[in-house]
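First comes the structure, then the notes that go with it.
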């Protein structure tokens, strides 16, 4: 596949969802919003505070109409999708997508969560031209930011949000003038991230303490937080610290509380110990301080 030049000076429809969609909205408002014909906004039920209403209000204040459904008659228009998790069954001239990973790394679903949990040294966003595959289209532009680990999802989302906003500004500025060039992805370097559901919030206590902390940070706010069971009840682990030293436990059983430190449970991991500094029940009520050692956190009831 060779490089492809795309130039477009007609209307553009937006497909936006979640905090990444909100970041794209900021980019639109920092550009010429008159090129936007309408915005389709989808709610993200997996977020604690879905910004769908904030997106709609911001766009409407700039004179951009919003709606919940894909236009039945697209006419001659292009589309830009950011944070969008559905197929766009419509006959657009071109569909531009901004994906929150450095493609071809982490195509697919929840790439930012996966990058943080796996300990990637850099995060970012990619603007590409959709081709019908799973994030396989030719790349127009990328923005990358190095991070220190562990990084909380909310902090990483702010950084990636800046990347997304900048990519939107550049796209809307270049499309009607000289256009943009899309280059094919390197298939040999492609990796994928699978979709996530409620089970993916569960902590694998057999992992090492560093990875468990990265997981806790990666699925924290605005997601619901890492999940475990304590005394048969579902709990959320919202914050944790890797203990500075490990201990040699002959009958090591990950998930068991080793000691109580200042009311915080110090838990045995597959390797290392982790201090759980924020634990809440299903209603969000703190379960700290914990005073009884003879308990275990588990991944199943």
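Overview of values
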item: Subset of segment 117-151 [out of contact with any strand residue (DSSP E or B) (no Cβ under 7 Å at 6 or more places or on another chain) and buried (at least 18 other Cβ atoms within 10 Å of the Cβ)]; result: 117, 120, 150, 151
item: Among residues of segment 200-226, those that are outside any helix (DSSP H, G or I) and touching a residue at least 60 places away in the same chain (Cβ under 8 Å), counted; result: 13
item: First in segment 227-242 and at pLDDT below 95, second anywhere and not in a strand (DSSP E or B), Cβ under 6 Å, 6 or more apart; result: 232/301
item: Lone unmet requirement of (1) surrounded by fewer than 19 Cβ atoms within 10 Å (Cβ to Cβ); (2) within 16 Å of the chain's Cα centre (by Cα); (3) in a helix (DSSP H, G or I) for residue 170; result: (2)
item: Complete set of residues in segment 178-199 that are out of contact with any strand residue (DSSP E or B) (no Cβ under 9 Å at 6 or more places or on another chain) and in contact (Cβ under 8 Å) with a residue 12 or more places away in the chain; result: 186, 187, 189, 196
item: Residues of segment 38-61 that turn out to be exposed (fewer than 13 other Cβ atoms within 10 Å of the Cβ) and either touching a helix residue (DSSP H, G or I) at 6+ places or on another chain (Cβ under 8 Å) or modelled with pLDDT under 95 (or both), as a count; result: 3
item: Subset of segment 87-114 that is without any contact (Cβ under 8 Å) to a residue 60 or more places away in the chain and part of a loop (DSSP other than H, G, I, E, B) - its residue that is surrounded by the most Cβ atoms within 10 Å (Cβ to Cβ); result: 102
item: So residue 83, is it modelled with pLDDT of 95 or more, at positive phi and under 25 Å from the mean Cα position of the chain (by Cα); result: yes
item: Scan of segment 27-37 for residues that are outside any helix (DSSP H, G or I) and surrounded by fewer than 18 Cβ atoms within 10 Å (Cβ to Cβ), ordered by number; result: 30, 31, 32
item: Residue match in segment 63-70 (condition: surrounded by fewer than 19 Cβ atoms within 10 Å (Cβ to Cβ), modelled with pLDDT of 95 or more, within 21 Å of residue 29 (Cβ to Cβ) and out of contact with any strand residue (DSSP E or B) (no Cβ under 7 Å at 6 or more places or on another chain)); result: yes
item: Qualifying residue in segment 248-262 (condition: more than 24 Å from residue 282 (Cβ to Cβ), under 29 Å from the mean Cα position of the chain (by Cα) and either part of a loop (DSSP other than H, G, I, E, B) or at pLDDT below 95 (or both)); result: no
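Conditions tested, residue by residue: (1) farther than 23 Å from residue 17 by Cβ; (2) crowded, with 22+ Cβ neighbours inside 10 Å.
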position: 190; (1), (2): yes, no
position: 193; (1), (2): no, no
position: 212; (1), (2): yes, yes
position: 229; (1), (2): yes, no
position: 245; (1), (2): yes, no
position: 248; (1), (2): yes, no
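The values are calculated or read from the model by the stated rules, or taken from the named source; none is laboratory data. As the structure is a prediction and not an experimental result, all values here were calculated from the model. Positions of Cβ are backbone-derived with ideal geometry, glycine not excepted, and every protein chain shown enters the neighbour counts.
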